[in-house]
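To keep things clear, I will list the structure first and then write my remarks on it.
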Amino acid sequence: MKLSIELCEKYILKVFKVCKINSSPFKTGFKTRSSDFKKVIFARINFMVAFFFVIVTALSFSAKAFYTELGFNFNYKKTIVDNLNNIEQQGLTGSVSLYFWDQIATEISYTNSLYVKREKADSLPSTTAQRITTQYADIYGVDLIYVFTGKKEVFQPYIKGGVAYIKKKQTSQQDNSQWETPTATGWGPSYGVGFKFFLTEAFAIRVGYDVVKTPIDSSSSADDISSRIGLSWMF
């Protein structure tokens, strides 16, 4: 896996060089530096690989389920105070839900998220100096879902609750200095509400509001709250 990522990195950089492409415009909604862009790209590669294994694992049990749901969700949020102080965050979630009963399912999910906080560095003489804090998170969740309506209904509200394993890494940058904080890992409860609106018998738009208690360090934690929208495929 490490080798394949290194080859992908060399290939992407070679394409940029040959085609004379500046990578800065392609930052998936984040106006970060080129080093952050590469981290975002390879975080997305990690997401796709991890989600593939989630699907393979879940489908190995799907033969015993009445039906299966594949989901893909995205969330994005930006808070702007001024040009030097703002916060951006985004996340991708892939999930597989196994319905052993008509309205009850077990959902296995993987979320890859990115959080960037820019703030004015008051300790520096320049009024335009910034401190940039970037946080990467991998969240592996298992939840029990209860759908309030039957399978054939167009509008299907649901609630869910379970547990998640979280891994967070944080880097900070100020001027030419960059440092990292120790990676935080841990288990935490997760819960959420949402609904599915079916466009056909198999495809639906899914909207959700999810909360996961994530670790900050060895002694403290915080609620990671996200509103998501995506698609679901039932089969």
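The values are calculated or read from the model by the stated rules, or taken from the named source; none is laboratory data. Keep in mind the model is a prediction, meaning the values are calculated, not measured. For neighbour counting, all protein chains shown are included, and Cβ atoms are generated from backbone atoms with ideal geometry for every residue, glycine included.
Could you identify the single residue in LYS213, LYS160, LYS167 that is closer than 26 Å to ASP102 by Cα and either more than 20 Å from the chain's Cα centre (by Cα) or of a type outside the set (Asp, Glu) (or both)? Don't jump to the end; show me each part of the working.
Values: LYS213 fails: closer than 26 Å to ASP102 by Cα; LYS167 fails: closer than 26 Å to ASP102 by Cα.
After ruling out the rest, the residue left standing is LYS160.
What about TYR140, is it modelled with pLDDT under 90, surrounded by 14 or more Cβ atoms within 10 Å (Cβ to Cβ) and either out of contact with any helix residue (DSSP H, G or I) (no Cβ under 7 Å at 6 or more places or on another chain) or among the polar types (S, T, N, Q) (or both)? So TYR140 fails the test.
Please go through region 142-199 and give me each residue that is among the polar types (S, T, N, Q), farther than 30 Å from ARG118 by Cβ and in a strand (DSSP E or B), ordered by number.
Of the residues in region 142-199, the ones among the polar types (S, T, N, Q) are 149, 156, 170-174, 176-178, 181, 183, 185, 190.
Remaining after also requiring farther than 30 Å from ARG118 by Cβ: 149, 156.
Selection gives GLN156 alone.
Here ALA105 meets each of (1) surrounded by 15 or more Cβ atoms within 10 Å (Cβ to Cβ); (2) under 24 Å from GLN178 (Cα atoms); (3) among the aliphatic types (A, V, I, L, M) with one exception, condition (2).
So, of the residues in region 59-84 that are exposed (fewer than 14 other Cβ atoms within 10 Å of the Cβ) and polar (S, T, N, Q), which turns out to be modelled with the highest pLDDT?
Taking region 59-84 and keeping what is exposed (fewer than 14 other Cβ atoms within 10 Å of the Cβ), we get 60, 63-64, 66, 74, 77-83.
Narrowing the set further to residues that are polar (S, T, N, Q) leaves 60, 79, 83.
Details: SER60: 51, THR79: 89, ASN83: 78.
Here the answer is THR79.
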